[in-house]
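Novice: Below is one structure. I have some questions about it.
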Amino acid sequence: MTRHSYHVSRLTFILLCMLMSVSTMATEPDERDQQIAEIMELSGASHAFDQMPAIMQTMLQQQPPPLSPKELESFSRVMTAAFSPEKMHIAMKDYLTAHYEPRRFSEFLAMLQRPLVKRMTALEQTTTDPEDMMQLMQQANVFMASVPNERLTVLRDIDNATETSEAMLDLQVQSFQSFVQAINPVLPEPQRMPASQMEEISRQMREQGLYPMRQQMLVQLAWTYRAASDKDLNGYLKIYRSLIGQWSKDIMKASTLAVFGSATQAISEQIRQKIVRDHGA
């Protein structure tokens, strides 16, 4: 498991783990906005956004693009600005506002307030800590050997019900394409990636990436919920498999892709306006 893929999957996992139940209707804009704000806070989305500047810096340090020091510094500033917590918060809020449904959002909020979901969300947030991440990377093989097969089966079922692995793969492909399009203008002509090559790599990522992604997610789920009881895991799975659980899966996946799409689009625009201009000066 690479640090890059762990960081990306961690954020996506947090954002996709939110579920719902039954509550009251909400139709007024003020109440709608309050509901969305509470959903983002209780779901852990806001907490995840707060981690993004540090994650972006770590990714650039560990896997820097082939740029000169000056260009790399500019690119780092652009990425950090695009993935600022404020901008990501606004992007998700805008998406949820545009797709607001009073009944379902009320169910969503009521579910997030349930004791079981609060416990699981708290576990998800704990694993965004860098020290916890390093511990997982160091102990993954030994840890997984200690997890009973019955528990692994439930964790696989949770992943299948939420389609989290598929969502993370979609996110990786989208991010890859966006960053290639962003960085290409800065690279020397021989190093630029043709559109045909980018599409071929994207196709290979989709065809070859799902199985390893599921294996990675199994490790991540097992680690994240290591303090959860089997009863809690089965209860969580039941929620995910419900009609409203399936609806939540779809809207959280779509909103997450929208957030990252907004950020990578901002990166492309900033590179065209700043880095490319300086590069050609």
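Novice: Among the numbered criteria (1) assigned to a loop (DSSP other than H, G, I, E, B); (2) of a type outside the set (A, V, I, L, M, F, W, C); (3) within 24 Å of Asp250 (Cβ to Cβ), which one does Asp170 miss?
Specialist: The number of the failed condition is (1).
Novice: Could you go through segment 126-144 and let me know if any residue there is surrounded by fewer than 16 Cβ atoms within 10 Å (Cβ to Cβ), more than 22 Å from Leu257 (Cβ to Cβ), modelled with pLDDT of 90 or more and aliphatic (A, V, I, L, M).
Specialist: For segment 126-144, residues surrounded by fewer than 16 Cβ atoms within 10 Å (Cβ to Cβ), more than 22 Å from Leu257 (Cβ to Cβ), modelled with pLDDT of 90 or more and aliphatic (A, V, I, L, M): present.
Novice: So how many residues does segment 143-166 have that are within 17 Å of Arg214 (Cβ to Cβ), hydrophobic (A, V, I, L, M, F, W, C), more than 19 Å from the chain's Cα centre (by Cα) and in a helix (DSSP H, G or I)?
Specialist: Count: 3.
Novice: Search segment 73-111 for residues being under 30 Å from Gln34 (Cβ atoms) and of a type in the set (Lys, Arg), and hand back the single one that is surrounded by the fewest Cβ atoms within 10 Å (Cβ to Cβ).
Specialist: Looking at residues that are under 30 Å from Gln34 (Cβ atoms) and of a type in the set (Lys, Arg), I get Arg103.
Novice: Looking at segment 210-228 only, could you name the residues that are buried (at least 17 other Cβ atoms within 10 Å of the Cβ) and either in a helix (DSSP H, G or I) or without any contact (Cβ under 8 Å) to a residue 40 or more places away in the chain (or both)?
Specialist: Met213, Arg214, Gln216, Met217, Leu218, Val219, Gln220, Leu221, Ala222, Trp223, Thr224, listed by residue number.
Novice: In segment 167-189, is there at least one residue being charged (D, E, K, R) and under 22 Å from the mean Cα position of the chain (by Cα)?
Specialist: Initially, segment 167-189 is screened for residues charged (D, E, K, R), giving 170, 189.
Now narrow it down to the ones that are under 22 Å from the mean Cα position of the chain (by Cα): 170.
Scanning segment 167-189, I find at least one residue that is charged (D, E, K, R) and under 22 Å from the mean Cα position of the chain (by Cα), so the answer is yes.
Novice: Which of the following residues is in a helix (DSSP H, G or I), in contact with a Phe, Trp or Tyr (Cβ under 9 Å, 6 or more places away or on another chain) and not hydroxyl-bearing (Ser, Thr, Tyr): Lys249, Lys238, Lys253, Lys231?
Specialist: Exactly one of Lys249, Lys238, Lys253, Lys231 is in a helix (DSSP H, G or I), in contact with a Phe, Trp or Tyr (Cβ under 9 Å, 6 or more places away or on another chain) and not hydroxyl-bearing (Ser, Thr, Tyr), namely Lys249.
Novice: Now, a different point. Considering only segment 198-217, I want to know if a residue exists there that is among the hydrophobic types (A, V, I, L, M, F, W, C) and in contact with a Lys or Arg (Cβ under 8 Å, 6 or more places away or on another chain). Walk me through it before giving the result.
Specialist: First, pick out the residues of segment 198-217 that are among the hydrophobic types (A, V, I, L, M, F, W, C): 198, 201, 205, 210, 213, 217.
Of the ones still in play, those that are also in contact with a Lys or Arg (Cβ under 8 Å, 6 or more places away or on another chain) are none.
Taking every residue of segment 198-217 in turn, none turns out to be among the hydrophobic types (A, V, I, L, M, F, W, C) and in contact with a Lys or Arg (Cβ under 8 Å, 6 or more places away or on another chain).
Novice: With respect to Ala110, is the statement that it is free of Cβ contacts under 8 Å to residues at least 60 places away in the same chain, under 22 Å from Tyr240 (Cβ atoms) and assigned to a helix (DSSP H, G or I) true?
Specialist: Considered against the rule, which asks whether it is free of Cβ contacts under 8 Å to residues at least 60 places away in the same chain, under 22 Å from Tyr240 (Cβ atoms) and assigned to a helix (DSSP H, G or I), Ala110 comes out as no.
Novice: Being charged (D, E, K, R), over 18 Å from the mean Cα position of the chain (by Cα) and surrounded by 11 or more Cβ atoms within 10 Å (Cβ to Cβ) is the filter here, so list the residues in segment 192-209 that pass it. Explain how you work it out, then say what you get.
Specialist: Kept after step one, since they are charged (D, E, K, R), are these residues of segment 192-209: 192, 199-200, 203, 206-207.
In the following step, the residues that additionally are over 18 Å from the mean Cα position of the chain (by Cα) were identified as 192, 199-200, 203, 207.
Selection gives Arg192, Glu199, Glu200, Arg203.
Novice: Residue under question is Ala140, and the condition is that it be part of a helix (DSSP H, G or I), out of contact with any Cys (no Cβ under 7 Å at 6 or more places or on another chain) and within 11 Å of Leu42 (Cα to Cα); does it hold? Explain how you work it out, then say what you get.
Specialist: Numbers: part of a helix (DSSP H, G or I): yes; out of contact with any Cys (no Cβ under 7 Å at 6 or more places or on another chain): yes; within 11 Å of Leu42 (Cα to Cα): no.
Considered against the rule, which asks whether it is part of a helix (DSSP H, G or I), out of contact with any Cys (no Cβ under 7 Å at 6 or more places or on another chain) and within 11 Å of Leu42 (Cα to Cα), Ala140 comes out as no.
Novice: Then there is this: Quick one: which residue in Ala182, Ala145 is aliphatic (A, V, I, L, M), in contact (Cβ under 8 Å) with a residue 60 or more places away in the chain and on the phi < 0 side of the Ramachandran plot?
Specialist: After applying the criteria, what remains is Ala182.
Novice: Please give the helices (runs of 4 or more DSSP H) falling wholly within segment 1-72 in which 2 or more residues are of a type in the set (A, V, I, L, M, F, W, C), surrounded by 16 or more Cβ atoms within 10 Å (Cβ to Cβ) and modelled with pLDDT of 70 or more.
Specialist: 29-43, 45-62
The values are calculated or read from the model by the stated rules, or taken from the named source; none is laboratory data. The model shown is predicted, which means the values in this text are computed figures rather than measured ones. So basically every Cβ, Gly included, is an ideal-geometry build from the backbone, and we count neighbours across all protein chains shown.
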